[in-house]
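Just so it is clear, none of the values below were taken in a lab; they were calculated from the coordinates. In this text the structure is predicted, and so the values were computed from the model without any measurement. Cβ placement follows ideal geometry from the backbone for every residue including glycine, while neighbour counts extend to all protein chains displayed.
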Amino acid sequence: MSSEGAESYEQSLSRRGTEPRSDTTGSETDSRATSRVVHARYPHGGLPFALTSFVGRERDLGEIGRLLVEHRQVTLCGPGGSGKTRLAMAAAREAVEVPHEGAWWVWLAPLSDPTSVPRAVAEALSLPETPGRPPTEAILEYLGPKEGLLVLDNCEHVICSCADLVEQLLRFCPGLRILATSRELLGVAGETSRTVPPLSFPASGGSQDQDELLEYEATRLFVERAGAAVRSFAPQGDEVSAIARVCRRLEGIPLAIELAAARTRMLSVGQISERLDDVFRLLVGGNRTTPDRQRTLRSTMDWSHELLSEQERVVFRRLSAFAGGFALEAAEEVCAGGSVESAEVLEPLSRLVDKSLVVVSERDGEARYRLLQTVRQYASERLAAAAEVETVGRLHVLFYLELVERAEPELNAAGQATWLECLAKELENIRVALRWLQDNGETETYLRLAGTLWRFCYLRGFYEEGYRWLEAALVGAGDAPQASRAKALLGAGVLALLRCEYDRARERLEEALLLYRGLRENKGVASALQVLGSVAREQADYERAEELHGESLALWRELGDEAGEARSLNYLGFVAWLQEKHQEAREICEGTLVTFRRLGDSEGVVWALISLGVSAGYAGSRRRARALLDESLTLSSEVGYMEGVAWSLDQLGVLALRESDYGKANRLLRRSLEVHRDLGDRWRAASLLEGLAEAYAAEGHLERTARLFGAAEAIRETISAPVPTCEHAEHERALATVRAGLGGEALDTALTLGRAMTLEEAISEAGRTLETPGMARIRPPSGLTARETEVLRLVAEGLTDAQVAQRLFLSPRTVSRHLQSIYRKLRVSSRVAAATTALERGLI
């Protein structure tokens with residue numbers, strides 16, 4: 001039985017041997033349908049009993065109960081199958097425990113004539129029909145002096161009539177409270193709404209612990225309903241993981257989960273999971289007494305679709321082109337055409353949100369829209385039926401191609417973090433665009449899009465996926481323009497280098513070099529030579545590295561490109577530093593610093609300062625090193641260059657490690673880790689976790705060291721980026737130290753625990769206070785972490801999120817996340833309350 005319509009009046013009738021029928025004609029049929037309600041006597045305050053257990057929703061029930069106390073009219077909104085009716089039953093049943101004069105339930109689903117709504121309510125109240133007297137008058141007279149609860153279920157298809165009646169009831173019946181369920185708001189004065197969310201379900205990439213997986217509302221519902229279908233159902237091992245996949249794929253929609261669980265009579269859970277790509281064919285079922293609109297997932301969607309205007313239907317089906325969310329600007333470009341102008345898209349989109357077919361959320365001041373996966377699949381079928389798949393798909397591709405090309409030059413500028421976040425939000429749509437181009441044989445455009453994405457993939461740690469895109473593009477687009485091919489080859493070479501696939505990197509970069517030479521594109525030639533020099537450097541072939549960087553330098557000079565010249569010099573300085581030629585490295589980097597300052601190139605200045613700082617540190621001039629790195633950190637913060645912030649913090653942390661100031665090293669490296677996390681740079685996050693692990697190893701915290709090594713190892717596997725060859729010996733030495741102290745079995749256990757951590761958990765593990773072995777562990781009061789205490793102290797000083805972020809070298813989003821955690825732990829809801837509470841308790 002579906003959560004949406006558990007225990008309908010049809011079921012009451014069927015138990016008495018009366019067959020329900022679908023009402024599709026006018027008010028006479030509606031009258032017959034509603035008259036049945038008079039004979040359906042429900043115990044416990046006039047509310048229907050459910051035949052199946054109610055799973056989860058504890059928080060929702062509590063919130064609805066509170067709303068019914070504070071407001072006279074509450075509407076539960078949500079898409080078909082979200083469990084509105086079932087939740088309303090449970091909420092109403094809890095509400096009637098409070099003494100009042102009655103509770104009445106009105107089924108509106110079978111009505112087709114809006115004018116029948118008052119009659120349906122009157123009959124639910126058992127009011128006799130009086131010739132010549134409107135039913136609304138009788139209702140108002142009856143309910144006027146009463147204190148009670150009226151539940152109107154499934155208002156969406158008769159919404160105007162419902163709104164008119166509810167408005168009169170609220171005006172003339174002061175003791176009455178109304179709970180409505182609908183796929184959109186009634187739109188009356190005083191209405192308060194509660195969106196019925198999906199059931200909680202396991203997130204992708206989360207814990208695989210079986211007990212934890214079975215605690216989610218969606219998995220609990222599946223197991224319970226599957227147990228009702230198959231008495232012997234007792235999931236274990238892989239079956240539990242398969243249930244989690246099913247619930248995740250169905251996004252916690254109760255009706256879909258119940259229909260899937262019913263399929264366990266014929267299929268294993270694994271088979272159900274595999275067949276969900278054809279969800280509308282698979283999810284057919286329900287009890288014989290379940291209303292027709294809930295017997296299949298498709299009929300539920302058909303019910304919603306039939307209530308749309310023609311313009312809403314056009315926009316709805318075209319929205320199926322999007323995956324993972326989209327912005328209004330994208331919808332206006334992709335959904336326009338024919339009868340819908342670009343400027344007209346907002347209105348039907350808003351109505352689709354109102355009707356619970358599109359989900360909207362706000363993040364960083366921007367509205368983001370998305371379709372639930374099952375809704376998107378249905379809309380996609382409608383798009384195919386309208387023969388618009390190719391047209392809409394092409395518009396979708398062109399929009400995201402333009403976006404990616406607009407972002408490409410910004411990824412090297414001060415707005416880097418903003419554009420990285422923009423592309424990250426649209427990553428699912430970019431993947432869809434790439435698949436569409438590949439499926440439609442548009443190889444040149446595929447190469448153009450993939451080639452433009454490589455720097456994003458580098459900065460966000462998508463080495464394997466980006467490399468795969470580029471390789472597919474290069475294989476499929478042999479006749480593409482040479483410039484596009486050279487650009488893709490250069491990107492493939494960079495990503496192969498980061499994956500430590502040095503032979504493949506060299507092969508791709510030499511191909512790019514050959515093409516750039518043929519095109520007489522000397523900037524491309526210089527860039528390819530520069531990366532080839534980095535490949536040689538990573539393999540400790542410093543002589544070859546100097547030669548290649550020298551060639552690159554000569555070309556930049558020939559082109560008169562001072563910024564390129566300075567970057568090549570910086571690379572040469574790095575090679576000199578690796579060979580412990582500290583004086584040479586210092587002289588080279590000082591020259592680049594002068595050039596970058598003269599050019600006003602803030603990013604270049606940052607990197608020159610970092611290079612000089614690192615070189616000075618290794619040469620033993622630690623005070624000078626710290627001054628240079630502090631300057632790079634300050635400049636990076638001022639211009640908003642977050643990658644520079646992260647690297648400056650990183651090198652300051654390394655410097656603190658060399659000075660055996662492990663507490664300071666921990667704080668600096670952890671801040672760097674958080675910034676790289678916010679940038680999405682998983683490669684540097686893994687490297688920093690390893691750096692923190694070495695800090696803990698030096699202090700004797702071997703188990704924590706091993707866990708951090710395990711977490712870094714898992715990240716490296718995810719992005720296909722092993723420890724670089726030039727760092728391998730040092731990494732192995734650190735692991736050998738831990739193995740010697742812990743023993744092989746304890747090391748393996750700790751590594752396994754670390755590998756199971758999420759990045760957030762690893763950051764938390766890395767953020768613990770460092771102390772020497774045997775010292776008492778310092779625990780911040782009230783459960784606040786050290787970082788949260790820092791944030792709270794600055795908030796108490798009156799700093800804004802942006803100012804706190806700048807002071808602590810964090811992103812504003814990270815500060816906001818810390819504040820939400822602080823509010824939860826201190827049980828407050830505002831900055832002022834948090835600061836006051838902290839001062840009263842002596843926390844800051």
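Taking all Cα pairs closer than 8 Å and separated by 6 or more residues, the relative contact order of the stretch 656-777 comes to 33 percent. With neighbours defined as other Cβ atoms within 10 Å of a residue's Cβ, the residues ARG824, ARG183 order from fewest to most as ARG824, ARG183.
Entry note, the chain: the mean residue ellipticity at 222 nm calculated from DSSP H runs of n ≥ 4, each adding -39500 (n - 2.57), is -20000 deg cm²/dmol after division by the residues and rounding to the nearest 500. Annotation for HIS71 and GLU558: the two label points, set 7 Å from Cα along the Cα-Cβ direction, are 7.2 nm apart.
Under 22 Å of direct C-alpha separation, and excluding same-chain neighbours fewer than eight residues apart, LYS487 reaches these lysines: LYS523.
Once you have the Cα-Cα distance between THR195 and GLN271, take 0.36 nm times their residue separation minus that, and quote the gain in nm to one decimal.
24.1 nm
Scalar couplings 3J(HN,Hα) for the stretch 605-611, obtained by applying the Karplus form with A = 6.51, B = -1.76, C = 1.60 to θ = phi - 60°, are 4, 4, 5, 5, 5, 4, 4 Hz; x denotes Gly and Pro. Karplus-based coupling profile of the stretch 78-91, in residue order and whole Hz: x, x, x, x, 7, x, 5, 5, 5, 5, 4, 4, 5, 5, with θ = phi - 60° in 6.51 cos²θ - 1.76 cosθ + 1.60 and x standing for Gly or Pro.
Each principal axis of the Cα cloud of the stretch 656-777 was taken in turn, and the coordinate range along them, longest first, works out to 36, 30, 27 Å.
Model label sites at ARG807 and GLU761, defined 7 Å from Cα along the beta-carbon direction, differ in position by 3.3 nm.
Were the residues from GLU543 through LEU328 laid out at 0.36 nm apart, the gain over their Cα-Cα distance would be 72.0 nm. Full extension of the segment from ASP302 to ALA472, taken as 0.36 nm per residue of separation minus the current Cα-Cα distance, would add 57.3 nm. Sorting LYS523, LYS146 from the fewest to the most surrounding beta carbons within 10 angstrom yields LYS523, LYS146. In summary, the aspartates and glutamates within cross-link reach of LYS146, defined as a Cα separation below 13 angstrom excluding same-chain residues under 8 places away, comprise GLU101.
Of the residues ALA740, SER687, THR718, the one whose Cα sits farthest toward the positive end of the charge dipole of the stretch 656-777, with +1 on the Cβ of Lys and Arg and -1 on the Cβ of Asp and Glu, is SER687.
Give me log10 I(q)/I(0) at q = 0.06, 0.07 Å⁻¹ for the chain, Debye formula, one equal scatterer per alpha-carbon, no solvent. The computed values of log10 I(q)/I(0) come out as -0.52, -0.68. Cross-link partners of LYS664 among lysines, defined as those whose alpha carbon lies under 27 angstrom from its own and excluding same-chain residues fewer than eight positions apart: LYS825.
Given axes a ≥ b ≥ c from the Cα gyration tensor, I'd like to know whether the stretch 109-170 is rounded (a/c under 1.5), prolate (a/b larger than b/c) or oblate. It comes out oblate by the Cα gyration axes. Under 5 Å between amide hydrogens, built in the peptide plane, is the criterion, and for VAL196 it picks out CYS77, GLY78 among residues at least 5 positions away or on other chains.
Which angle between 0 and 90 degrees, to the nearest 10, do you get for helix 463-476 versus the longest principal axis of the chain when only C-alpha atoms count? Around 90 degrees separate the two axes.
Computed from phi, the 3J(HN,Hα) profile of the stretch 515-531 under the Karplus parametrisation 6.51, -1.76, 1.60 (θ = phi - 60°) reads 5, 4, 5, x, 7, 6, 9, 5, 5, x, 4, 4, 5, 5, 4, 4, 5 Hz, with x in place of Gly and Pro.
A cut-off of 5 Å between modelled amide H atoms, ignoring neighbours fewer than 5 places along the same chain, links TRP104 with LEU149, LEU150, VAL151.
Each of CYS173, CYS247 was scored by other Cβ atoms within 10 Å of its Cβ. Arranged with the fewest first, they read CYS173, CYS247. Taking a point 7 Å from the Cα of GLU510 along the Cα-to-Cβ direction, the residues of the stretch 470-487 with backbone N closer than 20 Å to it are 471, 474-475, 485-487. Take the Cα of LEU214, step 7 Å toward its Cβ, do the same at VAL832, and the gap between the two points is 5.0 nm.
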